[in-house]
Amino acid sequence: MELARTGSVLPGLTLGSRLARPADAVLTWMRPRDLRHAARTVSVLFAVGLVVTVVTLPMGANAGADLDGWAIALAGVSLLLASMISAAAWFFDEASRLAWGLCPFAAIIVVVLVDLATHDGSVTAQIFFFFPTVYGGALLPRPGAILVTAASLAGEIVVAFTQLSVREATVSTCYVAAALVTTVAILVQSMERQHELVLELAHLATIDPLTGLVTRRAFDEAAAAVLAHPDGDEGTSLVVIDVDRFKAVNDRYGHPAGDKVLVQLSELLVQASRRGDVVCRMGGDEIAMLLPRCSMEIALRRAEEIVELVRKQGFEVSVDDLISVSISAGLAHVPTHGSDLRTLYAAADAALYEAKRGGRDRVMPSERNTDRGPLTARS
């Protein structure tokens, strides 16, 4: 047993893993950025290809093409179109990565077969190699787009050099290759820039620009995910924090000073958080901390430590001016105070209200379930 564990079994597994990595990398390159958009694009491209083929084959440039060749070509295009429409309807998950990876290469093979079956090596026949190339440049990562372009060029060379003279095939290949490479280069550059902008906008939508904390939207998504898939028996705690008399700080020192207080408070809360915690600016001076796998007792102790830490901290509002700030906090826990996000928010909000009413500068745990609405501003 020991020999099998250390000698012969593991090397085989390691070799298999190494062999699997290149295939996984290629499948990743061939996965469209947006599967639904890719499905629509594929359906449109092949519908156009089928219509053009049906309309132009009977009066094709090569008058010597026989009807059997046309029939084979039409059957191939029709079959591929049906397959792509099926893909558009069904293939939207990771299990279909292989199907999506083969899709553009299947298209190239069909174009080659159609051109060979109809004995047509003209530019009008070769132009269909643009379809998979455009798909790759517009929807695939850069390595995938390069692979599809290379495959299109290979298919174009096969068609040109089997149907035309060497001189005609060389000229045709040069023109088509230049057009394909230029088109895909422009598309890839444009789509990568667009993808970067989308990622930047998505990042801005989840990060508060002032404090660097996550936004309410991102916080809600994180909380919903944690509550839907609890890990451990400790439950999840929510601490809602409000700066005491924050309006007075703004009125006395100005709103820029109030912003500085929020930034420093946010940094303090992040330092006091642990791995897995989520700290969010809910709006104004309200901040929430989501504490996964944190019991009510531990969450209360941590919240009290944070309140004391803030009380002892000097907050800089100008170069030579430090002020003292206090916070109030409301604490709620799942499953103690409910099982859904709305109930958790409402329980923590009610506890925060009690902390304010009880004199501020303290933590108040929720003592009951509540059906009150979402958080409201406190002063």
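With a 1.4 Å probe and every protein chain left in place, tell me how much accessible area HIS119 has, in Å² to the nearest 10.
Surface open to solvent at HIS119 totals about 90 Å².
Among all the lysines, which ones have a C-alpha under 21 Å from LYS356's C-alpha, if same-chain residues fewer than 8 places away are not counted?
Leaving aside lysines fewer than 8 places away in the same chain, those within reach of LYS356 are LYS247, LYS312.
For VAL325, which sequence-distant residues (separation of 5 or more, or a different chain) have an amide H within less than 5 Å of its own amide H, given hydrogens modelled in the peptide plane?
PHE315
Using protein chains only and a probe of 1.4 angstrom, how many square angstrom of TYR353 are accessible, to the nearest 10?
Ignoring ligands and nucleic acids, TYR353 comes out at about 90 Å².
Treat every Asp and Glu Cβ in the range 270-330 as -1 and every Lys and Arg Cβ as +1, leave all other atoms uncharged, and give the resulting dipole magnitude about the Cα centre to the nearest 20 debye.
Working: 8 positive and 10 negative charges, 85 e Å.
The dipole magnitude comes to about 400 debye.
Ordering ARG302, ARG252, ARG40 from largest to smallest accessible area (1.4 angstrom probe), what's the sequence?
Numbers: ARG302 35, ARG252 180, ARG40 140 Å².
I get ARG252, ARG40, ARG302, largest accessible area first.
Give a residue-ordered list of calculated ³J(HN,Hα) values for the range 292-298 (Karplus: 6.51 cos²θ - 1.76 cosθ + 1.60, θ = phi - 60°; whole Hz; x for Gly, Pro).
Karplus-based 3J(HN,Hα) across the range 292-298 equals x, 6, 9, 5, 4, 5, 5 Hz.
On a full-extension model of 0.36 nm per residue, what is the gain between TYR253 and GLU192, subtracting their alpha-carbon distance, rounded to one decimal in nm? Each step should come with its number before you reach the end.
Working: separation 61, 0.36 × 61 = 21.96 nm, distance 4.54 nm.
Value of the extension gain: 17.4 nm.
Note the full-extension length gain between PHE161 and LYS312 as 0.36 nm times their separation in residues minus their Cα-Cα distance, in nm to one decimal.
Numbers: separation 151, 0.36 × 151 = 54.36 nm, distance 8.17 nm.
This chain segment gains 46.2 nm when fully extended.
Assign unit charges at the C-beta atoms only (+1 for Lys and Arg, -1 for Asp and Glu), then state the dipole size of the range 247-300 relative to its Cα centre in Debye, rounded to the nearest 20.
Working: 7 positive and 7 negative charges, 24 e Å.
Here the size comes out at about 120 debye.
Mind checking which of CYS280, PRO292, LEU309 is farthest towards the positive end of the range 268-309's charge dipole, using Cβ charges of +1 (Lys, Arg) and -1 (Asp, Glu) about the Cα centre?
Towards the positive end, the residue furthest out is PRO292.
Tally up the carbon and sulfur contribution to the accessible surface of the range 120-182 as a whole percent, 1.4 Å probe, everything protein left in place. Don't skip to the answer; put the middle values down first.
Details: 2120 of 2730 Å².
Of all accessible area on the range 120-182, carbon and sulfur atoms account for 78 percent.
Taking 7 Å along the Cα-to-C-beta vector as the label spot, tell me the THR28-ILE323 distance in nanometres, rounded to one decimal.
In this crude spin-label approximation the distance works out to 5.0 nm.
Length gain on complete extension for the stretch ARG245 to LEU210, per 0.36 nm per residue less the alpha carbon to alpha carbon distance?
Values: separation 35, 0.36 × 35 = 12.60 nm, distance 1.99 nm.
Fully extending the segment from ARG245 to LEU210 adds 10.6 nm.
Considering only C-alpha atoms, what is the centroid distance from the range 286-354 to the range 169-207, in Å?
Value for the Cα centre distance between the two parts: 48 Å.
Accessible area of the range 237-368 with a 1.4 Å probe: how many percent of it is carbon plus sulfur?
On the way: 2960 of 6090 Å².
Carbon with sulfur: 49 percent of the solvent-accessible area.
For the range 296-373, what is the accessible area per residue in Å², given a 1.4 Å probe and the full set of protein chains?
On the way: 3960 Å² over 78 residues.
Per residue, the range 296-373 has 51 Å² of solvent-accessible surface.
Taking the Cα centre of the range 178-332 as origin, work out the dipole magnitude from +1 charges on Lys and Arg Cβ and -1 charges on Asp and Glu Cβ, in debye rounded to 20. Let's see the in-between values first.
Details: 15 positive and 24 negative charges, 13 e Å.
Taking the Cα centre of the range 178-332 as origin, the dipole is about 60 debye.
Just read off the accessible area of THR41 with the full protein assembly in place, 1.4 Å probe, to the nearest 10 Å².
40
The values are calculated or read from the model by the stated rules, or taken from the named source; none is laboratory data. A quick note: this is a predicted structure, and the numbers were derived from the prediction, not measured. Here the Cβ is made from the backbone with ideal geometry for all residues, glycine too, and neighbour counts use every protein chain on show. Heavy atoms of the whole protein, side chains included, go into the accessibility calculation; ligands, DNA and RNA do not. Shrake-Rupley method; radii C 1.70, N 1.55, O 1.52, S 1.80 Å.
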